[in-house]
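As structure tokens, the structure follows; a few thoughts come after it.
The values are calculated or read from the model by the stated rules, or taken from the named source; none is laboratory data. Note that the structure is a prediction, hence the values are computed from the model and not measured. Glycine gets a Cβ as well: all are built from the backbone with ideal geometry, and neighbour counts include every protein chain shown.
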Amino acid sequence: MEEITIEHQLEKMREDWDARARENARYYVATGSADWTDEAFFQTGRETVEQYILNDLENICQGRAAKSLRVLEIGCGAGRVTRALADTFGEVHAVDVSGEMIQLARKACADRPNAFLYQNNGKDLDVVPAIPFDFAFSSIVFQHIPSHEVIENYVRETHRLLLPGALFKFQLQGNTSLELKPDDTWVGAAFTEMDAVEMAHRCGFEPRYRHGAGSQYFWLWFFKKPFVLSVR
């Protein structure tokens, strides 16, 4: 069997998500409907923010005003959640591997000047300005990446951009019974709870909370470790 390289996987992800965006972007972003209206589609983004961010502001804002925070979103798709993030926080920077999706996201966020969209290469965050971020978020994204290595690199890159003490809240595929096909860009690589914890430590995070281990929606709260001054 021919070995699938990371470069091939990244190219396949870009091609597949561009094709999905051209076919029916909103369906592939949120499969609850094949015929979303603007209002209904973007309402699901507001609901995501309500369910996973507004009820967790103590961990996210840590005593600061949400409008003072700069936020990073990984896997923005057609801008469904990005719009709601821009309404909640002071500044949002979002990436996606698909140029087609980024075009749609820019259109969706055209009236939100505090939202910045970038097409990245599917494995790192080099396209994002090297500025400090207060919070990072990703939902229903890593479940589609067929490489543990690529996912871990995203985690490491997020650590690079976050301020000390800041939170990266995101989902992984936790159902390890699924068959991993390295060329599949729909069902991605799965992580056990121990896998996630070990990845956090390798990337410099404290894995403080976890929810949904074993499920498709395995939530992780990774906090970047604060600087510790040594005493001489």
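Of all residue pairs spaced 6 or more apart or on separate chains, those with beta-carbon atoms under 9 Å, a first member in the stretch 120-145 that is within 16 Å of Leu172 (Cα to Cα) and touching a residue at least 24 places away in the same chain (Cβ under 8 Å) and a second member that is assigned to a strand (DSSP E or B) and basic (Lys, Arg) are Ala136/Lys169; Phe137/Lys169; Ser138/Lys169; Ser139/Lys169.
There is at least one residue in the stretch 159-167 that is over 15 Å from the mean Cα position of the chain (by Cα) and at positive phi.
Looking at the structure I just gave you, is Glu152 more than 16 Å from Arg70 (Cβ to Cβ), surrounded by fewer than 22 Cβ atoms within 10 Å (Cβ to Cβ) and touching a residue at least 40 places away in the same chain (Cβ under 8 Å)? Yes.
One line per residue, one yes/no per condition, for (1) farther than 23 Å from Gly90 by Cα; (2) touching a Phe, Trp or Tyr at 6+ places or on another chain (Cβ under 6 Å):
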site	(1), (2)
Tyr28	yes, no
Thr31	yes, no
Ala34	yes, yes
Asp38	yes, no
Phe42	no, no
Gly45	no, no
Gln51	no, no
Gly63	no, no
Ala66	no, yes
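Summed over the stretch 155-184, the residues that are under 16 Å from Ala213 (Cα atoms), touching a residue at least 40 places away in the same chain (Cβ under 8 Å) and assigned to a loop (DSSP other than H, G, I, E, B) give a count of 2.
Is it the case that Ile60 is of a type in the set (Val, Ile, Thr) and crowded, with 21+ Cβ neighbours inside 10 Å?
So Ile60 fits the description; yes.
If a residue has to be under 16 Å from Trp219 (Cα atoms) and either of a type outside the set (A, V, I, L, M) or at pLDDT below 95 (or both) to count, how many in the stretch 159-191 make the cut? Of the residues in the stretch 159-191, 10 are under 16 Å from Trp219 (Cα atoms) and either of a type outside the set (A, V, I, L, M) or at pLDDT below 95 (or both).
Does Thr37 satisfy the condition of being modelled with pLDDT under 95, over 26 Å from Gly212 (Cα atoms) and of a type in the set (S, T, N, Q)? Criteria not met by Thr37.
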